[in-house]
Amino acid sequence: MSEGSKGSSLAFGQVVIGPPGSGKTTYCHGMQEFMGRIGRKVTVVNLDPANEAMPYQCAVDIAELITLPDVMENLKLGPNGGLIYCMEYLEANFDWLQEKLAAFRGHYYLFDCPGQVELYTHHDALKNVFAQLAKWNFRLAAVHLVDSHYCTDPGKFISVLCTSLSTMLHVELPHVNVLSKMDLIEQYGKLAFNLDYYTEVLDLSYLVDHLASDPFFRNYRRLNEKLVEVIEDYSLVSFVPLNVQDKESMRQVMQAVDKANGYSFGDQEHRSLEALMSAAVGADFHFASTLAVQERSLRDLRVV
């Protein structure tokens, strides 16, 4: 993987990003297992120096280079400043990363990234790491996870849309936004609109009107209208719903990412995927699907 070598083979993968608690590590574990079952050789790369409990098989771990507790103790930095320092240190040690990745040629890569939002909205260290990977002929897509419970709060959902848009513009990678933990969404409360409204990011003026019914947000109606205008003018943000324990949901996300980064799979993997999905109707496929969530939300709306 010499820098700029056009003749070397392409490597495909995902950089898994998103705020703390959005399910990035769980996603990497689930996607590693799912892809492994259809015959794809997967290497998980942990780029989160604060990640100590990793359920997946980690092939490359940034902890071998630097850890957040060491930085905080030795440099007297807080967790946010420490994470930024760690990413800048990784940027300054590309040779370490290149040497580690070279041992897994021909694999599909999952990069488990830190959960600090600033790293994806305006700081350049991780963006530069992704750009360097592109020079090494990596074809990456950013998988941006957002907890689905934000859909139950219109104000928070507008904030999520702004963050997602800012991340898409800053990171400069093909992007798949994912609403994670869909199996838990009904525990957070009823949705004001059906699920398609949130995944497709339809006419947001309805959200502004819904916010205006709250006395607090009524005073900020014009601000919310302008935020919504920015989101709609770019018309970039949409979401794929995800339940990590639902095979059909995992397949949909995987295919969206494969389309984004240009990965094309062979006949053997296609047959394995078909076999896996046909087995999914058996006893092990007992999780609530996102379709069921959508149908219930529509039924509740009709009752109202």
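Taken one residue at a time, the phi angles of the range 26-32 give Karplus couplings (6.51, -1.76, 1.60, θ = phi - 60°) of 4, 4, 4, 5, x, 6, 4 Hz. Gly and Pro are set to x. If you model the range 91-204 as an ellipsoid using its alpha carbon gyration tensor, with each semi-axis the square root of five times an eigenvalue, the axes come out at 33, 15, 12 Å, biggest first. Cross-linked pairs Lys24/Lys76; Lys24/Lys247; Lys100/Lys135; Lys181/Lys247: Cα-Cα separations exceed 19 Å for Lys24/Lys76. With a ≥ b ≥ c the root eigenvalues of the C-alpha gyration tensor of the range 1-156, is it rounded (a/c under 1.5), prolate (a/b larger than b/c) or oblate? Oblate, since a/c reaches 1.5 and b/c is not below a/b. Relative contact order of the chain: 23 percent, from C-alpha pairs under 8 Å at least 6 residues apart in sequence.
The Ser213 and Ser159 beta-carbon pair, evaluated with R₀ = 22 Å, returns a calculated FRET efficiency of approximately 0.75. Expressed per residue, the C-alpha convex hull volume of the range 135-256 stands at 107 Å³. Here, P(r) means the percent of Cα pairs in each 5 Å bin from 0 to the largest distance; for the range 81-144 it is 3, 15, 28, 27, 17, 7, 1, 0.
With a cut-off of 12 Å on the backbone N, the residues of the range 122-152 near the modelled label site 7 Å out from Tyr234 along Cα-Cβ are 122. The modelled label-to-label distance for the pair Asn80/Leu65, using points 7 Å beyond Cα in the direction of Cβ, is 2.4 nm.
With only the Cα atoms considered, the chain has a convex hull volume of 148 Å³ per residue. Probing with 1.4 Å while keeping every protein chain in the model, the per residue accessible area of the chain equals 48 Å². Beta bridges per DSSP, both residues in the range 1-127: antiparallel share near 0 percent. Between Asn93 and Lys41, the modelled labels are 2.7 nm apart [label points 7 Å from Cα along Cα→Cβ].
The values are calculated or read from the model by the stated rules, or taken from the named source; none is laboratory data. This structure is a prediction, so every number in the text was calculated from the model and none was measured. Virtual Cβ from ideal backbone geometry, glycine too; neighbours counted across all protein chains shown. Heads up: the accessible areas ignore ligands, DNA and RNA and are worked out on the full protein's heavy atoms, side chains in. Shrake-Rupley method; radii C 1.70, N 1.55, O 1.52, S 1.80 Å.
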